[in-house]
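What follows draws every value from the coordinates through simple rules; no lab data is involved. No experiment lies behind these values; they were computed from the predicted model shown. Virtual Cβ from ideal backbone geometry, glycine too; neighbours counted across all protein chains shown.
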Amino acid sequence: MPDRRTIIPFGPQHPVLPEPIQLRLVIEDERVVEAIPSVGYVHRGLEKLIETKDYNQMIFVVERICGICSFMHALTFCQAIESLMDVEIPPRAKYLRVIWSELHRVHSHLLWLGLMADSFGFESLFMQIWKIREEILDVLEKTSGNRVIISTNIVGGLRRDIKDDMMKHVLNVVGECKREMDRVKKVFTHDYTVKHRTVGVGVLSKGKAYELGIVGPTGRGSGLEQDSRTLGYAAYDQLDFTPVVETDGDCYARMVVRLREVFQSFDLIEQAVSKIPKGEISVPVKGNPDGEVVARVEQPRGEVFYYIKANGTKNLERLRVRTPTFANVPVLLAVMPGAQLADVPVITLSIDPCISCTER
Amino acid sequence: MFRMLGNIIRNLFSKPATRKYPQTRREPFENARGCIDIDISNCIFCGICQKKCPADAIKVSKDGKSWEIDPYKCIICNVCTESCPKKCILSNPEYKAPEYQKSINRRVKE
């Protein structure tokens, strides 16, 4: 009966999600019937800025689209411009891009695992994970000069090199974090309380995930074997890895995918450090880009898609960014109906939403 | 919860992961990007840093022989440091101390 229904606003300010998205939940008793999203609280109009900034300045602007996967935004933008201008970057730069990308993936996934633990009320696990994340952030600061927005990409390569002794330090920290994660891993995969809150919650079938065009770990949790890293950009074509896939499609599967991806990233960093060649880290770039291009990169949250139209001047004509969360918001609308109100925070977090990304 | 027991015991007997901030400071790493300053005596007021700055934080005046940076606009990308022909823009690894009122860092050549 319609009169039993209540609308409860989830957000834009909510303790489990520090970012502003509002889901108006139509509730019948404790059960969600429908979720109506409304976004637009943090729109900053960054795409419009390409008309006033030149393409070299734009790298720092796109890096600020997201505060977590910032390096990958700059990477995608630079790769797009490089392919427009036929620039081949040196091999060492390709490997360095892999190392920094994977460090970013690790710290993003650790941030998410911590927030997930927090969303089902496991505070000490949250603290434990973030303690490990801090080590990774320190490595990022030591190698690049900044904790998160590291600004090392330029068109034609990189601005900073990682010296040999620093490379050893990176390996040491990665090894230490791996040992610490091994200890904590079991809590996520085997703990009764964690399983109780995540197994069978927010199930998304493989067919539905394909239909909605879900990307990244959210899709891989439902059995979609899609990982843009297999395209072989940067040095990924010379590294050995297979996409992590789980088939259950519930919150637990999405959590396990990200947990396994942390270890995969540790492995990729070790591979990249062992294979990295010596040499230059950038090539000089002259002229301005002209033409249209599309670039795709696997971010921690999934595939990011850049469309760039250039007209031969230093200012670009059009930039369009489709971030992974934009593609993943339909999951919420698909799996919310039928869920318990208490599970809404866990389901919302399970897609790893980044609202600032989505609205740019 | 019992799976955390090993970690809990380890944490009990190890030193804390956090530091007591005012007593123990976190020393900045080498090459960290803290804030931007200038050695004004070498500046030739060419204005390249102003042109390249992605945040429009730098203003250079050739006539007034002044160079100023708005530290609250500056994103510390270090493009100015790298593009300076006289290498007189300095990147300080220490973060800028907090202030009660926003101010602009203005330097004038004598």
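At a glance:
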{"item": "Crossing angle, helix A:123-144 versus chain A [Cα axis fit, 0-90 degrees, rounded to tens]", "result": "10"}
{"item": "Quotient of C-alpha Rg and 2.2 N^0.38 Å, computed over the range A:156-289", "result": "1.32"}
{"item": "Peptide B:8-21 - average C-beta neighbours from other chains (10 Å radius)", "result": "1"}
{"item": "Shape parameters for the range A:250-301, alpha-carbon atoms, Rg then Dmax in Å", "result": "17.9, 50"}
{"item": "Among A:Gly302, A:Ser228, A:Gly279 - extreme Cα towards positive end, dipole of the range A:225-305, charges at beta-carbon", "result": "A:Gly279"}
{"item": "Nearest 10 degrees, 0 to 90: helix A:70-84 Cα axis against chain A principal axis", "result": "50"}
{"item": "Lys, Arg +1 and Asp, Glu -1 on Cβ, resulting dipole of the range A:60-175 about Cα centre, debye, nearest 20", "result": "120"}
{"item": "Charge dipole (debye, nearest 20) of chain B; +1 at Cβ of Lys and Arg, -1 at Cβ of Asp and Glu", "result": "400"}
{"item": "Charge dipole (debye, nearest 20) of the range A:251-297; +1 at Cβ of Lys and Arg, -1 at Cβ of Asp and Glu", "result": "180"}
{"item": "Per-residue average of Cβ from other chains inside 10 Å of A:144-151", "result": "5"}
{"item": "Of A:Ile89, B:Ile38, A:Leu49, farthest towards positive along the dipole that unit charges on Lys, Arg, Asp, Glu beta carbons give the protein assembly as shown", "result": "B:Ile38"}
{"item": "Distribution of pairwise C-alpha distances over the protein assembly as shown, 20 Å bins, in %", "result": "22, 54, 22, 2, 0"}
{"item": "Isotropic mean projected area of the C-alpha convex hull, the range A:1-136 (nm²)", "result": "12.0"}
{"item": "Charge dipole (the range B:62-106, unit charges on Cβ, about Cα centre) - positive-most of B:Pro98, B:Pro71, B:Ser83", "result": "B:Ser83"}
{"item": "Per residue, the convex hull volume that the Cα atoms of chain B enclose (Å³)", "result": "177"}
{"item": "Rg and Dmax [Cα atoms of the range B:65-109; Å; Rg one decimal, Dmax integer]", "result": "11.6, 35"}
{"item": "For chain B, built as a Gaussian network whose Cα springs stay under 10 Å, the top-fluctuating residue of B:Lys65, B:Lys96, B:Lys20", "result": "B:Lys20"}
